[in-house]
Amino acid sequence: MDRLWLGVTEAVRLLITLDPALVEITALSLRVTLTGTLIAAAIGLPLGAWLAISRFPMRRTVIAVINALMGLPPVVVGLVVYVILSRAGPLGVLGLLFTPTAMIIAQVIIITPILTSIAHQAIRELWADYHDLLISLNATRGQRIATLLWDGRRSLMTAALAGFGRAIGEVGAIMIVGGNIDHARRVLAHAIAPETGKGEFGMALALGFILIGLAIAVNLGVHALSRTERGSRW
Amino acid sequence: MVSALLPVEVEGLMLRRGGRAILGPVSARIEGAGITIVMGPNGAGKSSLLRALHGLERISAGTIRWPLPEPEARQRQAFVFQQPTLLRRSVLDNIAYPLRLRGQSQAEARARAEALAREVGLGAHLSRPAQVLSGGERQKLALARAMILSPDLLFLDEPCANLDPHATRDIEALLMAARDRGTRLIMATHDLGQARRLADEVWFLHQGRLCEATPAHEFFTRARSAEAQAHLRGDLIP
């Protein structure tokens, strides 16, 4: 019990004093995850909208595959990205392995199907409402997608937050492609294990508190967005 | 004013769904000015006919001949639905939306939309989300959005269904104003009183077939088809 109490006290001290190592890990985490989420959103949201309004052969199969990819095991993604970026791999010359860019690539692969799938579902419902109007107004395919993305922005923000929440807590892929190098490649979720192993409970708990804080913030964000949805405020 | 979009020749128009004919064959001509009221009992095919003419339904047989190339003809018409589709935007941005699709700047589009919104009585609601409007206000918004491109031909599918008399009167006044400005209106309704108030011409549909297309005064005094006579008497027709 004393050990736990000491750990909590140390964690609070680290948080209050903005310990440089803690700040470094948090900053890298946010940088990697925000970049990954933005890139995944730029790919996944228009793709989801396009899938919602398009009809083509094998469409249902494509949607089923994307839905299945939501459950991609992160470790497998990490392994594949590792093989591709490793020195002997097809993109080895870029020298990206064990860099934040490699972590971002892994996160994009993991969360793009999530964003695409949620966007597809949200936009499909909106498209059912808007279909006749947009056809009647002779909107082009691009205009239809732009309209649906704009008018579905609350749902899509929720999707993006869900993707962010998934990415910030991700460990398996990041550990493989990031290298777990102290002071350089550590992000929140996967720095907790080695700190615990070293007996640095204070740092491990502080990292955990930040993760929990971010998870709560994401959920509050989703909640706030759903409230604005009901109130139609934006 | 003579519209470049008229006359429209409809010949042998048919719609089938699941192998069953739900409309047609319908042959008709849209010309001149005024309001054509499409009447008939529920399920007669009024909405289907309007949707087919506007290009919202793929026709199974027959032709619709426009005097202009079809893409241009489609640009010169608009449709108001029974249940107005409101974009998740403000009233002003809903009305401005068709202009934005045509490439007008936001400032220009909003200025024109604001003027039109005031004209139809929505001036007090410009920045409100469209979703919070009442039924009558929603339909006014839909009408303003349809009218902002000054269409030559406006289709309306029971725009006053479920509206109270006050809102119905407002909408009817807007429709008559549109007619006076030269827009040709084709409107479905099953409200006999409304048909009498608005119609210059009546198309009567029964079981997917056009029983008659007659000037309004003639239709209401001496309808030719037995189905129309029964409908006017208030009989229940299958």
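Read-outs: derived from the displayed coordinates by stated rules, not from any lab. None of these values were measured; they are calculated from a predicted model. Here Cβ is always computed from backbone atoms with ideal geometry, including for glycine, and neighbour counts include all displayed protein chains.
Ordering B:I35, A:I111, A:I192 by the number of other Cβ atoms within 10 Å of each residue's own Cβ, fewest first, gives A:I192, B:I35, A:I111. Full extension of the chain between A:A224 and A:R13 yields a length gain of 72.9 nm, computed as 0.36 nm times the residue separation minus the alpha carbon distance. The longest stretch of chain B left intact once loop-based trypsin sites (Lys or Arg not before Pro) with at most 15 other Cβ atoms within 10 Å are removed from consideration, loops following DSSP, is B:103-180. Using a simple spin-label model with pseudo-atoms 7 Å out from Cα toward Cβ, B:E108 and B:L68 lie 1.8 nm apart. Between A:T147, A:T116, A:T35, the Gaussian network model of chain A with springs among Cα atoms under 10 angstrom shows the greatest mean-square fluctuation at A:T147. Reducing region A:3-71 and region A:101-140 to their Cα centroids gives an inter-centroid distance of 17 Å. Electrostatic bookkeeping for B:G40 treats Lys and Arg as +1 and Asp and Glu as -1; over the other residues with beta carbon under 11 Å from its beta carbon, the sum is 0. Listed from fewest to most Cβ neighbours within 10 Å, the set B:L15, A:L34 follows the order A:L34, B:L15. Take chain A, mark every one of the trypsin sites (Lys or Arg not before Pro) that falls in a DSSP loop and has at most 11 other Cβ within 10 Å, then report the longest stretch left between them, sites excluded. By the stated rule (loop sites, at most 11 other Cβ atoms within 10 Å), A:88-197.
Centroid-to-centroid, using Cα positions, region B:34-84 and region A:160-179 are 52 Å apart. Using a simple spin-label model with pseudo-atoms 7 Å out from Cα toward Cβ, A:L91 and A:D2 lie 5.2 nm apart. Mean per-residue shielding of peptide B:81-91 is 4, counting Cβ atoms of other chains within 10 Å of each Cβ. Put a plus charge on the Cβ of each Lys and Arg, a minus charge on the Cβ of each Asp and Glu, and nothing anywhere else: the dipole of chain B about its Cα centre is then about 560 debye. Between B:R233 and B:D200, the C-beta separation translates, for a Förster distance of 35 Å, into a calculated FRET efficiency of about 0.95. Here's the picture: charge each Lys and Arg Cβ at +1 and each Asp and Glu Cβ at -1 in the protein assembly as shown, and of B:L122, B:P98, B:A111 the one pushed furthest to the positive end of that dipole is B:P98.
When only the Cβ of Lys, Arg, Asp and Glu is charged (+1, +1, -1, -1), the dipole of region B:25-165 relative to its Cα centre reaches about 320 debye. Computing FRET efficiency as 1/(1 + (r/R0)^6) for B:A226 and B:R128, where r is the C-beta to C-beta distance and R0 is 60 Å, gives about 0.75. Our estimate of slack between B:A4 and B:Q207, defined as 0.36 nm per intervening residue step minus the Cα-Cα distance, is 69.9 nm. Helices that extend 24 Å or more along their long axis by alpha-carbon positions and average at least -1.0 on the Kyte-Doolittle scale are, among the DSSP H runs of chain A, A:20-53, A:100-136, A:201-231. In the protein assembly as shown, a dipole from Cβ-located charges (positive for Lys and Arg, negative for Asp and Glu) runs towards its positive end, and of B:A226, A:W150, B:Q139 it is B:A226 whose Cα lies farthest in that direction.
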